[in-house]
Amino acid sequence: MVTEATQRPLVPTPPEIDIAPNDPLLAYFQSAVGAVDIDSLAIDSPALEALRTNGVRLVVPLVSQGELIGLLNLGPRLSEQEYSSDDQRLLNNLAAQAAPAVRVAQLVQEQQAEARERERIQQELRVAQLIQQQFLPKELPTLPGWQLSAHYQPARAVGGDFYDVFELPDGKVGIVAGDVTDKGVPAALVMASTRSLLRADAPRLVSPSKVLARVNDLLLPSIPARMFVTCVYAVLDPITGSMRYANAGHNLPYLRTDDGVEELHATGMPLGLMPDMTYEEHETTLLPGQSLLLYSDGLIEAHNALGEMFGFPRLKELMRRPLSSHDLIDFLMTDLDRFTGPTVEQEDDITLVALHWSARQPINLTQPMGELGAESADQAEPHILADFTIRSEPGNERIVMDKVTESIAALNLAKDVVDRLKTAVSEATMNAIEHGNKNRPDLPVEVRVVIRESKLSVEITDQGEDNEVHAKEAPDLDLKLAGLQSPRGWGLFLIKNMVDEMHQSRDETGHTLELIVYLKGLSDANPAV
């Protein structure tokens with residue numbers, strides 16, 4: 001027996017047709033009862049035209065629990081006869097039985113897809129966490145006299161927060177806090193790249209603004225679209241407290257002083273947005289007892305159950321407490337927990353880097369010197385209290401005087417001794433600027449403060465070929481008033497009478513004036529003039 005199917009070629013199966021959610025045909029099928037002859041429909045619908053174009057004659061909606069979950073599309077019968085009422089009744093019964101099974105199959109597929117997505121997300125989360133853990137510092141440098149603490153608390157979805165603290169040439173320290181505007185593996189990879197670029201360029205370029213500009217140019221070609229990095233970078237001299245900083249669109253650091261809490265302003269675009277960016281660079285000086293805080297959005301943008309934001313004003317007020325770096329971080333996190341409450345999920349990563357300069361303690365020069373690193377003040381091994389340079393510009397002698405004074409504060413010298421040394425340092429620096437370097441800003445004055453053999457030595461070096469401080473003629477007041485002696489030489493006379501010893505030397509790099517104050521037997525020091 002030969003069937004109809006074997007007598008005619010099979011009609012191709014109609015292709016799947018996507019129907020837009022706003023197509024009116026969907027609403028019609030949702031409310032339809034049983035099979036629908038589409039040739040009888042008069043609806044302005046792109047999907048209806050597509051069905052007709054592809055040879056669909058009859059559509060049976062699949063409805064489960066009142067929800068349209070699919071369509072059974074049929075082309076013309078092989079016999080070319082119309083679908084009878086019996087055919088439609090059979091198809092409706094078939095659809096009623098098939099719809100629940102189709103829905104179950106759909107739910108199983110959705111659950112399987114969700115499980116695969118959860119596994120993918122969990123795997124991505126594990127990879128991102130691994131990257132982040134590898135690139136966050138395992139430990140922070142130890143800075144004598146300073147307390148340095150950091151805290152990183154990731155949200156459930158790993159973001160791009162990062163921080164770093166690393167040693168630089170000349171005893172300086174680089175401090176970084178940043179945030180990548182994305183989450184997951186892409187953000188973690190950008191974070192790792194940014195940190196590596198910062199570490200690579202910081203020792204060579206030194207200047208925070210130049211470092212950020214360089215990192216921006218290197219990061220830009222490879223950073224994913226719609227992603228960028230905010231970052232603040234500071235370079236601290238732990239001997240003098242001097243700190244230079246630049247900011248690439250990150251939250252402003254807070255500095256707590258005796259007068260309140262200051263914001264350290266410096267403008268600059270985030271990294272990875274535009275080429276050839278420049279960044280402002282500023283300098284401030286931290287004093288003993290002051291604290292610095294770098295932080296990310298996760299702290300100030302946290303919300304409580306009422307939708308209120310933690311915010312900058314609250315953080316600034318909390319910063320007023322005179323706390324050590326570790327205690328400050330504990331205090332802030334405790335207050336954040338109290339503010340958000342136990343039911344609110346953390347929205348973003350939280351990163352805090354706190355720096356505190358402990359109040360200097362007097363140094364007992366007859367005992368081991370502890371933090372200063374020398375076994376005893378009487379040993380010949382020198383200990384450097386300060387080592388810096390300044391531009392040869394009028395007025396910069398005050399900067400030198402202040403930095404030298406700060407560097408020797410821990411020695412607990414008598415006030416009159418310190419005042420005499422300040423006068424000598426100021427006079428010697430003016431001489432180096434004016435007469436040694438001829439007021440040329442491109443020629444630096446080098447200053448070094450050293451303890452050796454129970455003596456405090458301040459070495460001031462200029463780059464000049466000659467210097468009038470060499471004058472050997474002893475100043476005579478009567479001769480000078482009579483005009484019989486040069487007015488020069490008073491600076492040298494003043495310097496020599498302000499300190500216990502004064503020495504001059506010259507080498508291929510320049511001329512050095514060394515001022516010495518005895519750290520023992522201070523009562524025998526030269527009297528003030």
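The values are calculated or read from the model by the stated rules, or taken from the named source; none is laboratory data. Only a predicted model underlies this, so the values are computations on that prediction, with no experimental measurement involved. Backbone-built Cβ (ideal geometry, glycine too); neighbour counts: all protein chains shown. Quick note on the areas: whole protein, heavy atoms, side chains included, nothing else; ligands and nucleic acids left out. Shrake-Rupley method; radii C 1.70, N 1.55, O 1.52, S 1.80 Å.
General remarks:
- Spans of strands (runs of 3 or more DSSP E) in region 212-258 with at least 1 residues over 23 Å from Met191 (Cα atoms): 242-248, 254-257
- Scanning region 143-165 for residues that are open to solvent by 10 Å² or more (accessible area, probe 1.4 Å) and of a type outside the set (A, V, I, L, M) yields Pro144, Gly145, Trp146, Gln147, Ser149, His151, Tyr152, Gln153, Pro154, Arg156, Tyr163.
- Annotation: of all residues in region 214-235 being open to solvent by 20 Å² or more (accessible area, probe 1.4 Å) and aliphatic (A, V, I, L, M), the one that is modelled with the lowest pLDDT is Ala225.
- Any hit, region 56-74, residues being among the acidic types (Asp, Glu) and closer than 26 Å to Val104 by Cα: yes
- All of Met309, Met277 fail the test of being open to solvent by 10 Å² or more (accessible area, probe 1.4 Å), in contact (Cβ under 8 Å) with a residue 12 or more places away in the chain and not aromatic (Phe, Trp, Tyr), apart from Met277.
- Checking each residue in region 167-189 for being open to solvent by 10 Å² or more (accessible area, probe 1.4 Å), of a type in the set (Val, Ile, Thr) and closer than 18 Å to Leu273 by Cα picks out only Thr181.
- Within region 397-410, the residues that satisfy the criterion of being closer than 20 Å to Gln290 by Cα and outside any loop (DSSP other than H, G, I, E, B) are Ile399, Asp402, Lys403, Val404, Thr405, Glu406, Ser407, Ala409, Ala410.
- Any chance Leu71 is open to solvent by 50 Å² or more (accessible area, probe 1.4 Å) and at pLDDT 80 or above: yes
- Being free of Cβ contacts under 8 Å to residues at least 12 places away in the same chain and open to solvent by 50 Å² or more (accessible area, probe 1.4 Å) is not true of Arg199.
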